[in-house]
Amino acid sequence: MMTKDVLITIKGLQMALDDSEGLEIMTNGTYYKKNGKHYVLYEEVLEDQKVSSMIKINAGKVEITKKGPARVQMMFEAGKKNTSIYATPFGQIEIGVYAEQIRVNETDDRLELNMQYDLEMNSEHVSDSQVSVTVVPR
């Protein structure tokens, strides 16, 4: 059984036309499972301001919510395109995600989420992206 206090590793790769950019975040957070859904909560600091983030994983759907100076609620569903508004202090951006693949692997002491998706901003294709989230007891 996974503990409530967890270490979260998020690795992302965005492959744009002219560049590939990798990102890795390691942070402490909270994990719980309720009604068959996994919840991963953590905070990140963007430009000296805290952003509260939640990843909700539920049978083929992943929802990522960020609250703080920048706010967004993104839905990832395999084979479907979802759009949302990313509200920043500098204005709003329409974000579109088309999830090609969502894989979840759960063991007693580890949760892994891997997603491949196309990312659009204001209806323009920005990148082919991959993100992997690993959650382990702290």
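The values are calculated or read from the model by the stated rules, or taken from the named source; none is laboratory data. Being a predicted model, the structure only gives us computed values, none of them experimental. A quick note on method: Cβ atoms are made from the backbone with ideal geometry, for glycine too, and the neighbour counts reach across all protein chains shown. The area values use the complete protein model at the heavy-atom level, side chains included, leaving out ligands, DNA and RNA. Shrake-Rupley method; radii C 1.70, N 1.55, O 1.52, S 1.80 Å.
The figures follow:
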{"read-out": "Boolean, T3 is in a strand (DSSP E or B), of a type in the set (S, T, Y), over 24 Å from S123 (Cα atoms) and in contact with an Asp or Glu (Cβ under 9 Å, 6 or more places away or on another chain)", "value": "no"}
{"read-out": "Filter result for the condition that a residue is among the basic types (K, R) and open to solvent by less than 50 Å² (accessible area, probe 1.4 Å), over K66, K34, K81", "value": "K66"}
{"read-out": "Residue match in segment 58-72 (condition: touching a residue at least 60 places away in the same chain (Cβ under 8 Å), among the aliphatic types (A, V, I, L, M) and under 20 Å from Q130 (Cα atoms))", "value": "no"}
{"read-out": "Test: Y39 is open to solvent by less than 60 Å² (accessible area, probe 1.4 Å) and either within 14 Å of the chain's Cα centre (by Cα) or within 16 Å of Q130 (Cα to Cα) (or both)", "value": "yes"}
{"read-out": "Segment 109-124 - residue that is assigned to a strand (DSSP E or B) and open to solvent by 70 Å² or more (accessible area, probe 1.4 Å) and, of those, farthest from E21 (Cα to Cα)", "value": "R110"}
{"read-out": "Restricting segment 84-108 to residues that are hydroxyl-bearing (S, T, Y) and surrounded by fewer than 14 Cβ atoms within 10 Å (Cβ to Cβ), the residue that is modelled with the highest pLDDT", "value": "T107"}
{"read-out": "Every residue from segment 16-31 that is closer than 15 Å to S132 by Cα and surrounded by 12 or more Cβ atoms within 10 Å (Cβ to Cβ)", "value": "I25, T27"}
{"read-out": "Residue list for segment 51-63, filter: loosely packed, with under 15 Cβ neighbours inside 10 Å and either out of contact with any Gly (no Cβ under 8 Å at 6 or more places or on another chain) or more than 18 Å from Y117 (Cα to Cα) (or both)", "value": "S52, G60"}
{"read-out": "Of all residues in segment 6-46 being among the polar types (S, T, N, Q) and assigned to a strand (DSSP E or B), the one that is nearest to H125 (Cα to Cα)", "value": "Q14"}
{"read-out": "Of all residues in segment 10-50 being free of Cβ contacts under 8 Å to residues at least 24 places away in the same chain and of a type in the set (V, I, T), the one that is farthest from L119 (Cα to Cα)", "value": "T27"}
